[in-house]
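In what follows, a structure is listed as structure tokens, so that the remarks can point back to it.
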Amino acid sequence: MRFLTLLLALLISTGAIADDINTYDESCKTSIQKLGAALKLALINAMEESGPVGALQTCSVEAVPITETISIEEGMIVSRTSLKTRNPKNAPDKWELAVLEQFEKGKISEFGEIVTDSEGHQTYRYMKAIPTGPICLRCHGTDMNKDVSLKIAELYPEDKAVGFKEADIRGAFTIQKPLN
Ligand code: HEC
């Protein structure tokens, strides 16, 4: 009987965790959609107004504040990272690096789990791969416009985010949602 109660308690609690994770995943996906849409809008507007060189300038000024605003609105840290970053501020931490390597192998394109730190703080961490589309190649591809390359070198002396081909994984959205 005691065993059965235990088993039941276990089943209920794992069920609850699974439900929570589904809810976290859903809210993470919504936040990512918001960030993706906001960044794309800023990019497209800037490209139309001032071409890729001007858009580079706009992205360099706006990308970080846009991610910070969305994070505040969503109550979770939402940002972008990559194995080859343009802005060193977007460099992956250890957990992100391991997930990015899995994405690169092509086995998965999203991943989430609860991570507990040494002080017992729990965080739901989630990542979703970002594929390279045709428009991305203007600033992340090979054989780019010379003025674009010069501007990148000026703004990002440590840039590693070039040489991508269409459909390569350019990086990932990454989320940290504090749970306690
Ligand atoms: C007009 C040039 C331009 C275009 C086009 C562009 N990017 Fe970027 N991208 C940048 C700049 C500039 C940064 C650095 C932003 C910053 O300072 O945070 C960046 C950063 C990123 C990052 C964050 C990681 C890092 O490298 O720092 C990702 C991911 C990314 N871009 C993906 C894309 C994708 C996907 C596309 C196509 C949909 C795209 N970019 C199109 C200029 C561009």
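Output yes when any residue across the stretch 118-128 is open to solvent by 40 Å² or more (accessible area, probe 1.4 Å) and among the aliphatic types (A, V, I, L, M), and no when none is.
no
Output the qualifying pairs, or none if there are none: Cβ atoms under 8 angstrom, residues six or more apart or on different chains, first residue in the stretch 61-80 and under 23 Å from Lys151 (Cβ atoms), second residue exposed (fewer than 15 other Cβ atoms within 10 Å of the Cβ).
Between residues of the stretch 61-80 that are under 23 Å from Lys151 (Cβ atoms) and residues that are exposed (fewer than 15 other Cβ atoms within 10 Å of the Cβ), the close pairs are Val64/Lys89.
Does Ile108 fit the bill of being hydrophobic (A, V, I, L, M, F, W, C) and either touching a strand residue (DSSP E or B) at 6+ places or on another chain (Cβ under 7 Å) or farther than 27 Å from Asp168 by Cα (or both)?
So Ile108 fails the test.
Within the stretch 37-55, can you find the residues that are more than 9 Å from the ligand (Cβ to nearest atom) and either more than 17 Å from Ile130 (Cβ to Cβ) or open to solvent by less than 40 Å² (accessible area, probe 1.4 Å) (or both)?
Listed by number, the residues that qualify are Ala38, Ala42, Asn45, Glu48, Glu49, Ser50.
In this structure, does Thr58 turn out to be within 14 Å of the ligand (Cβ to nearest atom) and either surrounded by fewer than 16 Cβ atoms within 10 Å (Cβ to Cβ) or under 17 Å from Ala37 (Cβ atoms) (or both)?
Spelling it out, Thr58 is indeed within 14 Å of the ligand (Cβ to nearest atom) and either surrounded by fewer than 16 Cβ atoms within 10 Å (Cβ to Cβ) or under 17 Å from Ala37 (Cβ atoms) (or both).
Of the numbered conditions (1) more than 16 Å from the ligand (Cβ to nearest atom); (2) modelled with pLDDT of 95 or more; (3) open to solvent by less than 70 Å² (accessible area, probe 1.4 Å), Thr67 satisfies every one except a single condition; which is it?
Unmet for Thr67, out of (1) more than 16 Å from the ligand (Cβ to nearest atom); (2) modelled with pLDDT of 95 or more; (3) open to solvent by less than 70 Å² (accessible area, probe 1.4 Å): (1).
Taking the stretch 9-24, which residues are modelled with pLDDT under 80 and of a type outside the set (Gly, Ala, Ser)?
Leu10, Leu11, Ile12, Thr14, Ile17, Asp19
Here is a list: Ser82, Ser109. Which entry is of a type in the set (Gly, Ala, Ser) and open to solvent by 70 Å² or more (accessible area, probe 1.4 Å)?
Ser109
Mind counting the residues in the stretch 130-155 that are in contact with a helix residue (DSSP H, G or I) (Cβ under 6 Å, 6 or more places away or on another chain) and aliphatic (A, V, I, L, M)?
Qualifying residue count, the stretch 130-155: 2.
If a residue counts only when it is under 15 Å from the mean Cα position of the chain (by Cα), which helices (runs of 4 or more DSSP H) contained entirely in the stretch 52-168 have at least 1 such residues?
Numbers: elements: 94-105, 137-140, 146-155.
Filter on the stretch 52-168 gives 94-105.
Can you name the residue in the stretch 76-98 that is away from the ligand (no atom under 14 Å from the Cβ) and touching a helix residue (DSSP H, G or I) at 6+ places or on another chain (Cβ under 9 Å) and, of all such residues, is nearest to Ala129 (Cα to Cα)?
Checked the stretch 76-98; the qualifying residue nearest to Ala129 (Cα to Cα) is Ile77.
Among the numbered criteria (1) open to solvent by 60 Å² or more (accessible area, probe 1.4 Å); (2) of a type in the set (Asp, Glu); (3) farther than 27 Å from Pro52 by Cβ; (4) at pLDDT below 95, which single criterion is violated by Glu101?
Against the list (1) open to solvent by 60 Å² or more (accessible area, probe 1.4 Å); (2) of a type in the set (Asp, Glu); (3) farther than 27 Å from Pro52 by Cβ; (4) at pLDDT below 95, Glu101 comes up short only on (4).
Only residues in the stretch 24-53 that are under 15 Å from Gln176 (Cα atoms) count as the first member; pair them with residues that are among the aliphatic types (A, V, I, L, M) and surrounded by 14 or more Cβ atoms within 10 Å (Cβ to Cβ), Cβ under 6 angstrom, at least 6 apart or cross-chain, and list the lot.
Cys28/Ile175; Ser31/Val78; Leu35/Ile70; Leu35/Val78
The values are calculated or read from the model by the stated rules, or taken from the named source; none is laboratory data. None of these values were measured; they are calculated from a predicted model. Cβ sites come from the backbone with ideal geometry, for glycine too, and all protein chains shown count toward neighbours. In case anyone asks, the SASA skips ligands and DNA or RNA and just uses the protein heavy atoms, side chains included. Shrake-Rupley method; radii C 1.70, N 1.55, O 1.52, S 1.80 Å.
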